[in-house]
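Written below as structure tokens is the structure these notes are about.
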Amino acid sequence: MRFYSKSSVADEADQHCGALASGLLPPRIPSLFVLSSQTWPQHIQTLHIGINSPFQFLTAYAFQGKPRRSEDLSQEGDPSASASATEEDGQSSAASDASSRKKEIGFPADSEIGRWRDELLGGGEAGEDSLMCTSMGKAGDMAIGVADGVGGWTENGIDPSLFSQALMFYASRSAAQASAEPDSGIAPNRILAESFEQVLKEPLVVAGSATACILTLDSTTGKLQSANLGDSGFVILRQGTGKQGVFHASPPQQLGFNTPLQLAKLPKEWAQEGSIANTPKDAAAWDCTLQHGDLIIVGTDGLFDNVDAKNEIPQFAKFIKEKHHASYTARHAGADKADKQDSLEEDREFVQVLATNLVEYAKICQNSTTKQSPFEREAARYGIHFPGGKIDDVALVCCLVIER
């Protein structure tokens, strides 16, 4: 695997990707950008659909769990110091700590959901986040999504990853039996409802809650449908449209600062006034018709709280695409085009490279105490001093749309 050094990336970022200039890359943190690889990192997987539908979706996903800590540290103005089951987990990078705590195990490895998770993650750990990237019942259709287990449940001895893993497992199972066609009646909100119903019945999930974002992609019409509950979300980049090429960015759903809408499972003896218990009907529905070259990025708040969706993400994607194209072209210089069997090879690699590096960049931003994060700006609106990035798990899915 070849890495580009921090200095070379920062120099080119100054020229090609203004928001990613060297001043925004913390000097104390290594900045390695994967631009070509024969063996992909363990935390990246791809799903390639080779069929004759009008639309094809090249997908890749990446994830990384946050460092585990032995105990929560509070700091002046830190809203997570009094976390509850209705608040999302996250600590300012200024309060981060190197000590570790016991790894959340999620579902047992020999359980059905545990086996699904381990196959999906390839032995890696997504922390309290989970994701799905699955083929649907109609060949070529895709369903992608993420869920973020609310970390405040650890205060009650509950592993937040159980809820998010179960939700994505049942969502992928529901999607695998459905079609993405708009008139099929299997919209993302129905997938979300069916999966939530199964989580409520799942005996290993005693309690918990999660935000969720699910998208379905129709390979015949290019129709995208979405259901988003909470502060996970997605952004669609389309060349030549909107500011910075952002065609759409899903708005977060929150009741207040760091308190997103969320699906919850509460034992009767735990139910109390003031607890958050939304339903899939509360999810924001949105749809559009995709075009060739559209780039979809679905992620948990570990991404969007640290990397601005409308400015940094489009600039980052453009920067990585340019660097990868140069690298790919150099590696294949002199090759006979007639011998090239996969016309989408460069695009497939780009999606993988983008997913990997976007997670890496999110982690860099989380650990910065000088770069102003979206989370810091949001905290300031509530009069809270929360400098730098927010340490959190990250899970994301990237999808490049190909129209034949």
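The values are calculated or read from the model by the stated rules, or taken from the named source; none is laboratory data. No experiment lies behind these values; they were computed from the predicted model shown. Cβ atoms come from the backbone with ideal geometry, glycine included; neighbour counts cover every protein chain shown.
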Of all the residues that make up the range 215-248, how many are within 25 Å of Lys138 (Cβ to Cβ) and in a loop (DSSP other than H, G, I, E, B)? 6
Counting only residues that are at pLDDT below 95 and surrounded by fewer than 24 Cβ atoms within 10 Å (Cβ to Cβ), how many does the range 171-184 have? 8
Kindly indicate whether Trp116 is at pLDDT below 95 and in contact with a helix residue (DSSP H, G or I) (Cβ under 7 Å, 6 or more places away or on another chain). no
Being over 26 Å from Asn306 (Cα atoms), surrounded by fewer than 24 Cβ atoms within 10 Å (Cβ to Cβ) and touching a strand residue (DSSP E or B) at 6+ places or on another chain (Cβ under 7 Å) is the requirement here; does Ala187 meet it? yes
Ala212 - would you say it is buried (at least 21 other Cβ atoms within 10 Å of the Cβ), in a strand (DSSP E or B), of a type in the set (Gly, Ala, Ser) and under 15 Å from the mean Cα position of the chain (by Cα)? yes
Looking at (1) farther than 30 Å from Gly388 by Cβ; (2) of a type outside the set (Val, Ile, Thr); (3) modelled with pLDDT under 95, which is the only condition Gln244 fails? (1)
Just to be sure before I move on: is Lys318 over 22 Å from the mean Cα position of the chain (by Cα), under 19 Å from Leu400 (Cα atoms), modelled with pLDDT of 95 or more and not polar (S, T, N, Q) in the structure I sent? no
Starting from residues that are crowded, with 19+ Cβ neighbours inside 10 Å and in contact with a Lys or Arg (Cβ under 7 Å, 6 or more places away or on another chain), keep the ones in the range 190-208 and report whichever is nearest to Lys138 (Cα to Cα). Val199
Could you check the range 300-311 and list, in sequence order, the residues that are closer than 15 Å to Gly149 by Cβ and either at pLDDT below 95 or out of contact with any Pro (no Cβ under 9 Å at 6 or more places or on another chain) (or both)? Thr300, Gly302
Wholly enclosed helices (runs of 4 or more DSSP H) of the range 292-404 bearing at least 3 residues farther than 22 Å from Leu58 by Cα and either among the charged types (D, E, K, R) or without any contact (Cβ under 8 Å) to a residue 24 or more places away in the chain (or both): 374-381
Just to be sure before I move on: is Thr211 touching a residue at least 12 places away in the same chain (Cβ under 8 Å) and touching a Gly at 6+ places or on another chain (Cβ under 6 Å) in the structure I sent? yes
Output yes when any residue across the range 187-200 is of a type outside the set (S, T, N, Q) and outside any helix (DSSP H, G or I), and no when none is. yes
Evaluate the range 370-379: report whether one residue or more is surrounded by fewer than 17 Cβ atoms within 10 Å (Cβ to Cβ), touching a helix residue (DSSP H, G or I) at 6+ places or on another chain (Cβ under 6 Å) and of a type in the set (Ser, Thr, Tyr). no
Taking the stated definitions as given, is Glu155 closer than 21 Å to Phe304 by Cβ and at pLDDT below 95? no
Positions within the range 345-397 being over 17 Å from the mean Cα position of the chain (by Cα) and charged (D, E, K, R), in sequence order: Glu345, Glu346, Asp347, Arg348, Glu349, Lys371, Glu376, Arg377, Glu378, Arg381
Residues satisfying the stated conditions in the range 133-170, i.e. assigned to a strand (DSSP E or B) and surrounded by fewer than 21 Cβ atoms within 10 Å (Cβ to Cβ): Thr134, Ser135
